[in-house]
Amino acid sequence: MAVRAADVVKVYGTGETAVRALDGVGVEFAAGEFTAVMGPSGSGKSTLMHCLAGLDAVDGGSVQVGGAELTGLGDRALTRLRRERIGFVFQSFNLLPTLTAEQNITLPLDLAGRRPDPAWMRELVAALGLQDRLRHRPAELSGGQQQRVACARALLGRPDVVFADEPTGNLDSRTGAGVLEFLRRSVRELGQTIVMVTHDPVAAGHADRAVLLADGRIVDEIQQPDPESVLAGLRRLGG
Ligand SMILES: Nc1ncnc2c1ncn2[C@@H]1O[C@H](COP(=O)(O)OP(=O)(O)OP(=O)(O)O)[C@@H](O)[C@H]1O
């Protein structure tokens, strides 16, 4: 199992104003699987992702990534674990503007003092069609190209899991489809594990599985989702 969460509780605030953002979440993400996390606004999707990725501490339960227990680790150990085991793709790309595409892609490994595998780098760059863009800076790239750079950055270190938070939220549907196709291929052909938070039933249709959150709990799960089955699942939550 690439990621395992058991009985995870996350509470924001205290007393009368406390919000139980996660209310006993148990969920597992198998290696080599592409999962979409969906649910109404405020259901706890981002909180869950942050807790699974060690960006936020849980108030109860446990989280394991690649067999390593996150709960109880200090900041330094968490930073190291994130660097070594987790890749991130954000809605806003989060590339460093002063670095070239290539430097952005290798940055996490450079920070970790690890040398990128040149063959793997070439394969990723080719799969993402970035060969001719490596010397460009983010401002010289389209949104889709920037997100593909972020995908290469996330995958280069062969992480146990890639967390993608609305990866197509800032892209038009055609460009977004290209990024989703790549994520799907990286699962099929490269064995990557991906957990993607999204509002978009079309995006979720690219995943192997959709898990649905409501009020801080996992309330449904759809295997081999397509946009229609995802919409139907979301509607069941509403009604
Ligand atoms: N830092 C915080 N402080 C206080 N409350 C928070 C904080 N972050 C999230 N919450 C609350 O926790 C609940 C879950 O929020 P979360 O952002 O995880 O939901 P979400 O499903 O990602 O929503 P959206 O789809 O709108 O992004 C909400 O009620 C939210 O208001």
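The numbers here are math on the coordinates, done by the rules we state, and not lab data. Note that this is a predicted model, so its numbers are computed, not measured. Ideal geometry is used to build each Cβ from the backbone, glycine not excepted, and the neighbour counts take in all protein chains shown.
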Cα convex hull volume per residue for segment 78-132 (Å³): 106 Å³
Sites SER92 and GLU28, calculated FRET efficiency, Cβ-Cβ separation with R0 30 Å, nearest 0.05: 0.55
Segment 150-239 - Rg and Dmax from Cα coordinates, angstrom: 13.4, 43
Tilt relative to the chain, helix 173-188 - C-alpha long axis, 0 to 90 degrees, to 10: 90 degrees
For the chain, calculated [θ]222 nm from helices alone, where every DSSP H run of n ≥ 4 adds -39500 (n - 2.57): -11000 deg cm²/dmol
Evaluated over segment 95-182, the Cα radius of gyration and Dmax, each in Å: 12.3, 37
Mean Cβ neighbour count within 10 Å, used as a protection proxy, ranking 121-134, 151-164, 207-220 highest first: 151-164, 207-220, 121-134
Where trypsin sites (Lys or Arg not before Pro) fall in DSSP loop in segment 75-117, at most 14 other Cβ within 10 Å: ARG114
Normalised convex hull volume, the chain, alpha-carbon set, Å³ per residue: 127 Å³
Residues whose placed amide H lies under 5 Å from that of VAL89, excluding near-sequence neighbours: PHE163, ALA164, ASP165
Value of relative contact order over the chain, rounded to a whole percent, pairs C-alpha under 8 Å and six or more apart: 27 percent
For segment 1-132, alpha-carbon Rg relative to the globular expectation (2.2 N^0.38 Å, N residues): 1.23
Modelled FRET efficiency - R0 22 Å, GLN103 with GLU189, Cβ distances, 0.05 increments: 0.25
Percentage, to the nearest whole number, of Cα pairs in segment 34-95 over 19 Å apart: 36 percent
Estimated FRET transfer efficiency when R0 is 35 angstrom, pair ALA119-LEU78 (beta carbons, to 0.05): 0.70
